[in-house]
1. Along the positive direction of the dipole of the chain (beta-carbon charges: Lys, Arg +1; Asp, Glu -1; about the Cα centre), which of Tyr104, Thr191, Ala233 reaches farthest?
2. For segment 152-210, give the magnitude of the charge dipole about the Cα centre (Cβ charges: +1 Lys/Arg, -1 Asp/Glu; no others), in debye to the nearest 20.
3. Hey, if you put +1 on the Cβ of every Lys and Arg and -1 on every Asp and Glu Cβ in the chain, which of Gly177, Pro44, Ser212 ends up farthest toward the positive end of that dipole?
4. Let's test this: bin the Cα-Cα distances of segment 39-120 at 5 Å from zero up to the farthest pair and state each bin's percent.
5. Run the dipole for the chain about the Cα centre, Lys and Arg Cβ at +1, Asp and Glu Cβ at -1, nothing else charged, and hand back the magnitude in debye, nearest 20.
6. How far is helix 85-98 tilted, in degrees, relative to the longest principal axis of the Cα atoms in the chain, given as a value from 0 to 90 rounded to the nearest 10?
7. For the chain, what is the relative contact order in percent, using Cα pairs closer than 8 Å and at least 6 residues apart in sequence?
8. What percent antiparallel are the DSSP beta bridges of segment 127-239, to the nearest 5?
Amino acid sequence: MIFKFITVLGILFSMHSYAENYFSEEHKVSLIELYSSEGCSSCPPAEQQIAKLLKHKDLWKNFVPVNFHVDYWNRLGWIDPYSQKAFTKRQYDYSKIWGIQKVYTPAFVIEARDAGPSLKIPNKIPLKSPIKISVNQQARQFRVKVTGYDKDIQYKVHFAYLGNGLVSKVRSGENQGRDLVQNFAVLDFKTQNLKQNELLFKPAKSKAKAKSFSFAVWITNQDGSKIYQSLGAKLKPST
């Protein structure tokens, strides 16, 4: 009986210790988006730029990077395993906001603004909105709590599950014969309207063989043209 009791306590302690809590900064954390594709020969240099952020001192503190792989280059012969039609639509939604007729890769978007094909790390900026984000993560469930928002404004909460160190041996298309490495690649993406201050996100299980995983959460207005605050972090290996 004593052995069983100790075993149960050990399991409960393990489950409890598995929970992690994350909190947004007191200043504004910028969202960096990269729109890329393994089927695009111009994209590897941009992927290398975003890879350098893994060791940047301001990662998660001043900026949160996410790497959306679009699907419109899949027609060239290589099906990008991280591409999704929804990510292409997201890029086109931005182009409509900006009044631009076309999209391109590689394309960096910083704080919902077109930043071109090269990465420019945003400066630290004051927090103009009182919105704060906290995340309680246990196993594959992420409980997101938002406070300080104006209940008369309609907001959206965006959640991205990210993979780092993903290696692809490209066998066709413009990058044929190359080994490409993806970081902050969006493996699962979900959006919910902010109807109550606590939301639950559970990313779909991925077969991607990543060296590590991260997550990102950000709050926007309804069309995504304004970002109020962002939060992200590297996850422990067991997630």
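1. Comparing the listed Cα positions along the dipole, Ala233 ranks first.
2. Its charge dipole is roughly 320 debye.
3. Ser212
4. 3, 13, 24, 24, 20, 12, 4, 1
5. Roughly 440 debye for the chain.
6. Its long axis makes an angle of about 70 degrees.
7. 24 percent
8. 100 percent
Quick note: the coordinates plus some simple rules give every number you see, no bench work behind them. This structure is a prediction, so every number in the text was calculated from the model and none was measured. With ideal geometry, Cβ positions are generated from the backbone for all residues, glycine too; neighbour counts draw on all protein chains shown.
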